[in-house]
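The next block holds one structure in the form of structure tokens; read it before the comments.
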């Protein structure tokens with residue numbers, strides 16, 4: 001990208017990073033930007049821990065026999081992988097890092113509505129994470145990340161209570177972030193910034209926040225009840241006194257299905273921003289994309305039973321859940337089609353963020369379509385609890401959520417740090433991640449279809465070729481995740497200043513200096529335009545930007 | 001900024017109404033409506049009456065003590081929105097239980 | 001603490017600050033409703049499944065104490081509402097007086113609740129190995145008491161937290177930190193306290209009253 005509009009860009013003298021750097025200036029900061037950085041540190045730690053667990057899993061599965069670790073240890077490894085990745089990386093990743101940093105700027109506000117609560121949510125997150133990490137250190141738990149009863153409440157060994165309470169606590173961090181976002185979006189918008197002038201990133205986060213507010217407390221009380229049942233050896237899910245373990249699954253999935261959309265909706269928001277910026281076009285069908293976010297959030301609450309087709313749930317309820325699951329494909333497809341239409345005849349700039357966004361579209365589509373397959377009652381009975389399911393949700397969570405996160409991180413990195421990263425290595429690593437990811441998880445679709453069950457440390461020999469492919473892909477994927485860490489950190493030492501708007505993008509965040517000043521805006525902005533008003537070739541408008 | 005404050009007597013009246021409904025709900029709890037109603041619906045009549053009274057009391061508290069009357073438009077949206085998702089939780093879970101063969105519900109009858 | 005009676009730096013006006021605080025509190029209550037929602041769902045399903053066990057268990061509760069506590073708690077809601085009203089009018093002494101009354105009534109509720117719990121302990125109504133129940137279906141009666149202790153326990157926990165916040169709020173009010181322009185903390189704590197009251201308004205009939213008519 002070469003559309004630099006400044007004559008001689010130079011790092012601004014005062015910005016949010018230039019202030020005091022003593023520990024309390026960071027640990028007691030109320031600046032949403034610094035809190036975003038704190039979250040970035042937090043989720044990176046837990047991603048590394050969860051990734052380490054993934055390495056162990058793929059090493060074990062390279063050979064058919066369970067030779068690296070006993071089954072019991074393997075159970076603990078995949079459980080901790082799931083718990084760490086879901087509750088401590090995926091759910092907070094985009095909202096708490098990029099959302100925290102950008103949402104107030106995008107709506108022209110000086111901060112989130114409740115800065116102290118924002119800081120509190122980070123501490124709650126870290127306390128929950130510390131408890132889970134402690135649980136990992138003393139041996140981990142083997143319940144699976146889903147904590148199904150009666151295994152979790154009665155039979156599982158290990159620090160289940162500690163990890164459950166850790167997850168319970170972290171849930172409130174998610175709730176408080178959602179609360180902050182909802183109030184901020186409602187009350188803090190700049191003059192002239194009507195709902196339909198909001199960037200789609202903001203719409204995505206609004207939909208996400210709704211889920212965080214309405215879903216998370218339900219899983220919180222559920223986990224609390226499991227913890228109590230474990231502690232007192234009697235509880236509401238205990239079949240000995242007439243309790244129903246399937247009720248646990250209802251309550252758990254009432255949150256945990258929509259939780260998938262907590263991971264993917266912010267990612268979709270990121271992709272909308274990137275696609276518009278790098279095709280120099282207004283997002284096609286803006287209102288449809290905006291309402292599709294809300295539609296996905298609402299429909300997401302009506303489909304949880306598709307996780308329970310084989311649980312003993314009523315067949316009639318299963319059929320209803322199956323049918324509604326198909327409906328989720330509609331708003332999801334609207335988004336995919338509209339992004340594609342946005343790219344059509346756009347002035348495409350092949351920068352790294354766009355590579356991630358394109359990767360997202362392809363991989364999310366595969367993840368989404370296999371989700372429709374799994375939502376079909378009959379097919380699910382065949383592949384339930386096989387690697388087909390594992391492949392499906394990794395396409396959504398890694399191919400969707402993580403690629404979106406990386407795309408957003410690359411897109412806004414110059415804004416966050418004021419520095420440009422190495423173009424060459426960023427493109428190489430985007431390619432490596434794409435290849436490594438597909439090599440890891442596509443064979444798992446086949447494995448699952450052939451009947452390889454998940455959650456076992458050994459498997460019949462005929463599955464070995466595909467498993468070796470998958471493990472090899474995982475090594476490539478791992479390298480792909482390490483390279484960005486190196487060049488992004490190296491970019492901090494870079495002397496070259498990124499400029500306010502290295503991509504020539506529109507949006508309030510690109511009109512302020514990089515890194516932004518502590519108060520974000522020197523004078524409160526007034527918005528007079530629709531979002532994504534990129535000058536079109538046939539229009540003779542001056543480029544928008546600073 | 002003008003300060004809107006409801007008169008003292010509003011609060012007193014609401015409190016008295018809440019007291020009335022509290023005593024009422026205890027009183028009718030001892031009446032078995034099933035004896036006075038057609039077969040079939042009689043069993044749920046007591047529950048329905050008790051829950052209606054509780055709902056009425058909740059509405060009084062929300063409307064007057066929590067100042068939803070006279071607050072911004074978004075407050076009722078938040079309340080109704082939450083209730084809708086609560087209904088979703090109950091209806092879809094209930095749909096499972098009402099149509100499930102009950103042998104799968106109570107696996108062990110001890111003693 | 002300086003935010004109590006001033007405009008926080010990131011807001012443009014008192015109105016914006018007040019509306020943000022109000023919406024924030026309502027969204028918080030929204031998540032609280034869903035939090036209790038899981039318990040209410042469990043109660044509904046198990047009561048529907050085991051009506052007899054639940055009816056007889058319900059009759060073990062002391063309806064007199066339940067009624068007394070309901071009156072006390074609604075009374076505390078009244079004094080809380082009056083405290084908010086006083087704060088809005090800038091009446092410092094009235095605010096403090098009504099907040100103290102609210103705390104007193106809340107404490108009475110908890111003390112009575114404590115006596116009820118002790119009574120259950122003495123009569124072996126704590127679910128577990130020592131559970132003894134003379135009515136029919138003692139196995140599933142335990143489910144009722146698990147729910148009884150979960151629901152009332154969680155409610156009581158909310159009240160204990162509320163009392164702590166009220167103590168802080170009273171100290172702030174006594175220092176004259178609240179003005180008619182900004183008494184958002186009083187409003188917010190008020191909303192929380194009324195929410196806790198509403199939970200009890202539902203718990204009372206569900207736990208204490210639903211089984212009574214079976215005996216008539």
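For the reader, a short list of remarks on this structure follows.
- Residue in region C:113-125 that is under 24 Å from residue C:189 (Cα atoms), surrounded by 17 or more Cβ atoms within 10 Å (Cβ to Cβ) and in contact with a helix residue (DSSP H, G or I) (Cβ under 6 Å, 6 or more places away or on another chain) present: yes
- Residues of region B:53-82 that are more than 8 Å from every other protein chain (Cβ to nearest Cβ), in contact with a helix residue (DSSP H, G or I) (Cβ under 9 Å, 6 or more places away or on another chain) and modelled with pLDDT of 95 or more: B:55, B:56, B:60.
- Selection from region A:482-511 of residues that are closer than 29 Å to residue A:283 by Cβ and assigned to a helix (DSSP H, G or I): A:484, A:488, A:491, A:508, A:509, A:510, A:511
This table checks each residue for (1) at pLDDT 95 or above; (2) surrounded by 21 or more Cβ atoms within 10 Å (Cβ to Cβ); (3) over 30 Å from residue C:126 (Cβ atoms).
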{"residue": "C:13", "(1), (2), (3)": "no, no, yes"}
{"residue": "C:16", "(1), (2), (3)": "no, no, yes"}
{"residue": "C:20", "(1), (2), (3)": "no, yes, yes"}
{"residue": "C:25", "(1), (2), (3)": "yes, yes, yes"}
{"residue": "C:43", "(1), (2), (3)": "yes, yes, no"}
{"residue": "C:58", "(1), (2), (3)": "no, yes, no"}
{"residue": "C:68", "(1), (2), (3)": "yes, no, no"}
{"residue": "C:74", "(1), (2), (3)": "yes, yes, no"}
{"residue": "C:79", "(1), (2), (3)": "yes, yes, yes"}
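- Applying the condition of being facing another protein chain (nearest Cβ under 10 Å) and in a helix (DSSP H, G or I) to region C:162-191 and asking which residue is nearest to residue B:50 (Cα to Cα) yields C:191.
One line per residue, one yes/no per condition, for (1) part of a loop (DSSP other than H, G, I, E, B); (2) within 14 Å of another protein chain (Cβ to nearest Cβ); (3) closer than 21 Å to residue A:431 by Cβ; (4) in contact (Cβ under 8 Å) with a residue 40 or more places away in the chain:
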position: A:310; (1), (2), (3), (4): yes, yes, no, yes
position: A:319; (1), (2), (3), (4): no, yes, no, yes
position: A:326; (1), (2), (3), (4): no, no, no, yes
position: A:330; (1), (2), (3), (4): no, no, no, no
position: A:367; (1), (2), (3), (4): no, no, yes, no
position: A:394; (1), (2), (3), (4): no, no, yes, yes
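- Index of the failed condition, residue C:202 passing every other in (1) under 24 Å from residue C:59 (Cα atoms); (2) within 19 Å of the chain's Cα centre (by Cα); (3) crowded, with 21+ Cβ neighbours inside 10 Å: (3)
- Flag if residue A:204 is closer than 24 Å to residue A:294 by Cβ, at the interface with chain C (Cβ under 10 Å from one of its Cβ atoms), in a helix (DSSP H, G or I) and touching a helix residue (DSSP H, G or I) at 6+ places or on another chain (Cβ under 6 Å): no
- Residue match in region A:524-545 (condition: in contact (Cβ under 8 Å) with a residue 40 or more places away in the chain, within 14 Å of another protein chain (Cβ to nearest Cβ), surrounded by fewer than 21 Cβ atoms within 10 Å (Cβ to Cβ) and in contact with a helix residue (DSSP H, G or I) (Cβ under 7 Å, 6 or more places away or on another chain)): yes
- When we screen A:463, A:521 for residues that are in a helix (DSSP H, G or I) and either within 28 Å of the chain's Cα centre (by Cα) or surrounded by 14 or more Cβ atoms within 10 Å (Cβ to Cβ) (or both), the only hit is A:463.
- Selection status of residue C:24, out of contact with any strand residue (DSSP E or B) (no Cβ under 8 Å at 6 or more places or on another chain), over 30 Å from residue C:134 (Cα atoms) and facing chain A (nearest Cβ under 10 Å): yes
- Subset of region A:233-245 (residues that are more than 7 Å from every other protein chain (Cβ to nearest Cβ) and assigned to a helix (DSSP H, G or I)): A:245
The values are calculated or read from the model by the stated rules, or taken from the named source; none is laboratory data. Remember, predicted model here, so these are calculated numbers, not experimental data. When we count neighbours, we look across all protein chains shown, and the Cβ atoms used for this are built from the backbone with ideal geometry, even at glycine.
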